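Below is one structure, written out as C-alpha cells, with a few remarks after it.
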Amino acid sequence: MMTSPQTVSVIMPARNAERTIEKSVASVLAQRGLGELIVVDDGSTDRTRDVLDRISDRRIRIIQGPGAGIARALNAGLFEARFAYVARCDSDDLYPADRLARQSTWLDANPEFIGISGGFVTIDEAGKKLASLVSDGEAREVTNDLREGNVLTSLCTWLIRRNSICSIGGVRPWFETAEDVDLQFRLAGIGRIWHDPEPTYFYRLHHQSITHTRQSARLHFFDDMAVKFNHQRMTHGRDDLDIGAAPAVPEFSDCNNMKHTVLRRQVVGHLTAQAWRDFHGGRKLDGIAGLCSAIRRHPTSLACWRGLAVMILRAAQSKK
C-alpha cells in the first residue's frame, strides 16, 4: 500500500489529560499523511507529561504552553508547525482512520480552497457513540454560510492551509471560548471553504470539557461576539477587536454545581436525536435501542418514555 506524503501538522493542546491523551495521540499517529504532532502541554499538574514521554515516535513534538488560555496554547502550536496543512485534535478526542489523508488529498486537488471541514461523531466518556452530527447531505461549499455567521461544524473537523491561518494571525486570545468559531469566520473571510459530511472527528462529552466547566452565560457571550464581529467585518472590513474597541468582558462567576446535570442533558439529547434519525431512516430497531439507551441514562425523562412508546407503536403499525 502506498503511503501518503507527510503534509500535515496536528496541534494538540493538553492540560491535565493523563486519562485520555494516550488514545488521542495514538489516533493521530495512525494517520497517513501526518508529518508531526505538536502537543502543547499547557501547565499540566498531573501525569500528562509522563504519559507522553512513554510514547516513542519521532513525529511527536512536545512544547510548553504559555498557560494563558486555549487560544494562546493553540497559537503556540500553530507557529511551531512546519507542514503545509494544519489540524487540531483535543487531548480527549479521537481521529477516525485516514481522515488526514482524505482531506489533504482533496485540498491538493483543489488549490482554490483554503480549508475543508467534515462531520463528527459525539462519544461518551467510555468511547461509546452517541450521535453523528452534520454528517448528512451532499458535499458542498460553505464559504457563504460562514460569511453570514452560520457555523456548521467543529473546527476540529477542519484541515487548513497553514499559510492561510498564519496570514490572519492565528487564533485571537481575546476569546476565552468560541475562539474556534471566530477563526472559522475569519478564514471564510479570506478564502473558500468546502464541507464534506464524512465524519472526521470523535468528540468526547465529559465533565471536564470546557462546555461543562464554564458558565453558560460566558459561553453565550463569546459566541455572540464571534457572530457580531463577523458581521462587522463583512460590512466594514474590520471589527471592534481589530481596532482595539472590543467590549469589556463581563464578570462571570463560574459554577460547576450543575455540570453533571448539564452533561446528562446533553448526552441524552444526542442519543434521542440519533435515535429518531435512525428510526426515520428505516432503522427502526436501532432507533428503539437508542431511546432505550437514553432512558437508562435519564430514567425520569417523560419525553424519552413518550418517544419510545411512539416508536414502538409506529413500528408495530408498519408491520401490519
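The values are calculated or read from the model by the stated rules, or taken from the named source; none is laboratory data. Computed from a predicted structure; not experimentally measured. Cβ: placed from backbone, ideal geometry, glycine included. Neighbour counts: every protein chain shown.
Say whether the condition of being touching a Leu at 6+ places or on another chain (Cβ under 7 Å), β-branched (Val, Ile, Thr) and closer than 26 Å to Leu205 by Cα is met by at least one residue in region 96-115.
Looking for residues that are touching a Leu at 6+ places or on another chain (Cβ under 7 Å), β-branched (Val, Ile, Thr) and closer than 26 Å to Leu205 by Cα, one finds none in region 96-115, hence no.
Tally time: how many residues in region 120-144 are in contact with a helix residue (DSSP H, G or I) (Cβ under 7 Å, 6 or more places away or on another chain) and under 18 Å from Ala87 (Cα atoms)?
Initial filter on region 120-144 (in contact with a helix residue (DSSP H, G or I) (Cβ under 7 Å, 6 or more places away or on another chain)): 120, 122, 124, 130-132, 143.
Restricting the remaining residues to those that are under 18 Å from Ala87 (Cα atoms) gives 120.
Total satisfying the criteria: 1.
Residues being within 15 Å of the chain's Cα centre (by Cα) and either in a strand (DSSP E or B) or surrounded by fewer than 18 Cβ atoms within 10 Å (Cβ to Cβ) (or both): count how many of those fall in region 153-195.
Final tally of qualifying residues: 3.
Any residue in region 179-206 that is over 21 Å from His220 (Cα atoms) and without any contact (Cβ under 8 Å) to a residue 60 or more places away in the chain sitting within a Cβ distance under 9 Å of a residue that is surrounded by fewer than 20 Cβ atoms within 10 Å (Cβ to Cβ) and of a type in the set (Asp, Glu)? List the pairs, counting only those 6 or more apart or interchain.
Between residues of region 179-206 that are over 21 Å from His220 (Cα atoms) and without any contact (Cβ under 8 Å) to a residue 60 or more places away in the chain and residues that are surrounded by fewer than 20 Cβ atoms within 10 Å (Cβ to Cβ) and of a type in the set (Asp, Glu), the close pairs are Ala188/Asp145.
Taking the stated definitions as given, is Arg88 crowded, with 23+ Cβ neighbours inside 10 Å, more than 27 Å from Val227 (Cα to Cα) and in contact with a strand residue (DSSP E or B) (Cβ under 9 Å, 6 or more places away or on another chain)? Break it down stepwise before answering.
Details: crowded, with 23+ Cβ neighbours inside 10 Å: yes; more than 27 Å from Val227 (Cα to Cα): no; in contact with a strand residue (DSSP E or B) (Cβ under 9 Å, 6 or more places away or on another chain): yes.
Here the answer is no, as Arg88 does not meet what is asked.
What is the residue count in region 90-120 for residues that are hydrophobic (A, V, I, L, M, F, W, C) and touching a Ser or Thr at 6+ places or on another chain (Cβ under 6 Å)?
4
Just checking: which of the strands (runs of 3 or more DSSP E) contained wholly in region 1-85 hold 3 or more residues that are buried (at least 20 other Cβ atoms within 10 Å of the Cβ)?
8-14, 34-41
Mind counting the residues in region 230-250 that are assigned to a helix (DSSP H, G or I) and over 21 Å from the mean Cα position of the chain (by Cα)? Spell out how you get there, then give the answer.
First, pick out the residues of region 230-250 that are assigned to a helix (DSSP H, G or I): 230-236.
Among the residues that remain, those that are also over 21 Å from the mean Cα position of the chain (by Cα) are: 231-236.
Number satisfying all stated conditions: 6.
Using beta carbons and a limit of 8 Å, which pairs, at least six apart or on different chains, have the first residue in region 280-294 and assigned by TED's automatic domain parsing to the domain that holds His270 and the second one of a type in the set (Asp, Glu) and surrounded by 14 or more Cβ atoms within 10 Å (Cβ to Cβ)?
Lys284/Asp278; Asp286/Asp278; Gly287/Asp278; Gly290/Asp278
With the checklist (1) modelled with pLDDT of 95 or more; (2) out of contact with any Gly (no Cβ under 7 Å at 6 or more places or on another chain) in hand, flag the one item Lys128 doesn't pass.
Condition not satisfied by Lys128: (1).
Find the residue count for region 103-140, including only residues that are among the basic types (Lys, Arg) and buried (at least 21 other Cβ atoms within 10 Å of the Cβ).
0
Which is among the aliphatic types (A, V, I, L, M), in contact with a Ser or Thr (Cβ under 6 Å, 6 or more places away or on another chain) and in a helix (DSSP H, G or I), of Ala289, Ala294, Ala309?
The match here is Ala294.
Given (1) at pLDDT below 95; (2) assigned to a loop (DSSP other than H, G, I, E, B), where does Phe221 come up short, assuming only one miss?
Just one mismatch for Phe221, condition (2).
Is it fair to say Arg172 is in contact (Cβ under 8 Å) with a residue 24 or more places away in the chain and closer than 19 Å to Asp240 by Cβ?
Here the answer is yes, as Arg172 does meet what is asked.
Can Thr143 be described as modelled with pLDDT of 95 or more and touching a Gly at 6+ places or on another chain (Cβ under 7 Å)?
Details: modelled with pLDDT of 95 or more: yes; touching a Gly at 6+ places or on another chain (Cβ under 7 Å): no.
Taking the combined requirement at face value, the residue does not satisfy it.
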